[in-house]
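The values are calculated or read from the model by the stated rules, or taken from the named source; none is laboratory data. Bear in mind the structure is a predicted one, so any value in this text is a computation, not a measurement. Neighbour counts run over all protein chains shown; Cβ positions are idealised from the backbone, glycine included.
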């Protein structure tokens, strides 16, 4: 690995990382988190129901919401911008993209960013929130149902001190379901049950499993461009459905790189979105790493 997350973003000390590993920040509980289980069950039922309300316009609503929540939201905002600071955008745009992220229903920004930073600190080691070394089912969804980490967990605060200091992110973390509820109202008003079911539960459930596949499948199956100290793999199928997040070995080798696809054949749609922002003058200091390693290029610096 070229640089660890500690070197790239000095938010957590090596001593703290070791302490967290010893105390198992993410641990397994014997009792299922019933509230999470109820939400997961309800959304999967809604996703199945959506199939009985098919309309081509509903497919359009699904695609629009997918781009907003998964590509702009989870990939470009929560992951590459807020977690790794692979590029910089104006604050108004950063906040707008974070709001888009909440529509994926994967938690507030402080929780998501902190959990992912913890994952990079302890990848495939004791304390990793979702390593397949603790079981494939655990890495995919078990860590959500039986894990001890959750929104508002004070133990995660030290992993996102930059967001904790920002009132907007504190507010958004507390009310992260509000944007999704408002979007649901808009979808129902303009398209009825078909738009609502396709735009929220079906899209959210597929988005969940897409993100969870990055946690599970890309640490189990695929090829490696870099000899990292973890089990990360580049998984073509996951990369296709996630817009580029499946080039996971590349990402773990160079976490702050705004591009995850580093070979010519590794298509990275999410990076194309960042480059579009750069072309429009909205993204600066875009860090780009290639297969040859060395210092990262900085575009629109």
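Numerical summary
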| item | result |
| --- | --- |
| Residue check for residue 137: modelled with pLDDT of 95 or more, over 26 Å from residue 288 (Cα atoms) and part of a helix (DSSP H, G or I) | yes |
| Close pairs from the range 114-128: first without any contact (Cβ under 8 Å) to a residue 60 or more places away in the chain, partner assigned to a helix (DSSP H, G or I), Cβ under 6 Å, at least 6 apart | 114/156; 114/159; 116/83 |
| Positions within the range 263-295 being more than 15 Å from residue 88 (Cα to Cα) and touching a strand residue (DSSP E or B) at 6+ places or on another chain (Cβ under 6 Å), in sequence order | 266 |
| Test: residue in the range 268-278 that is outside any helix (DSSP H, G or I), touching a helix residue (DSSP H, G or I) at 6+ places or on another chain (Cβ under 9 Å) and modelled with pLDDT of 95 or more | yes |
| All helices (runs of 4 or more DSSP H) inside the range 1-61 with 2 or more residues being modelled with pLDDT under 55 and either over 16 Å from residue 199 (Cβ atoms) or in contact with a strand residue (DSSP E or B) (Cβ under 8 Å, 6 or more places away or on another chain) (or both) | 5-8, 14-23 |
| Residue within the range 64-75 that is over 30 Å from residue 250 (Cα atoms) and either modelled with pLDDT under 95 or part of a helix (DSSP H, G or I) (or both) present | no |
| Qualifying residue in the range 155-168 (condition: surrounded by fewer than 19 Cβ atoms within 10 Å (Cβ to Cβ), touching a residue at least 40 places away in the same chain (Cβ under 8 Å), part of a loop (DSSP other than H, G, I, E, B) and in contact with a helix residue (DSSP H, G or I) (Cβ under 6 Å, 6 or more places away or on another chain)) | no |
| Helices (runs of 4 or more DSSP H) enclosed by the range 178-267 - at least 3 residues per element that are under 19 Å from the mean Cα position of the chain (by Cα), modelled with pLDDT of 95 or more and surrounded by 19 or more Cβ atoms within 10 Å (Cβ to Cβ) | 203-216, 236-242, 248-253 |
| Scope the range 83-99; condition surrounded by 23 or more Cβ atoms within 10 Å (Cβ to Cβ) and part of a helix (DSSP H, G or I); matching residues | 83, 98 |
| Residue 126 being touching a helix residue (DSSP H, G or I) at 6+ places or on another chain (Cβ under 6 Å), surrounded by fewer than 19 Cβ atoms within 10 Å (Cβ to Cβ) and modelled with pLDDT under 95 | yes |
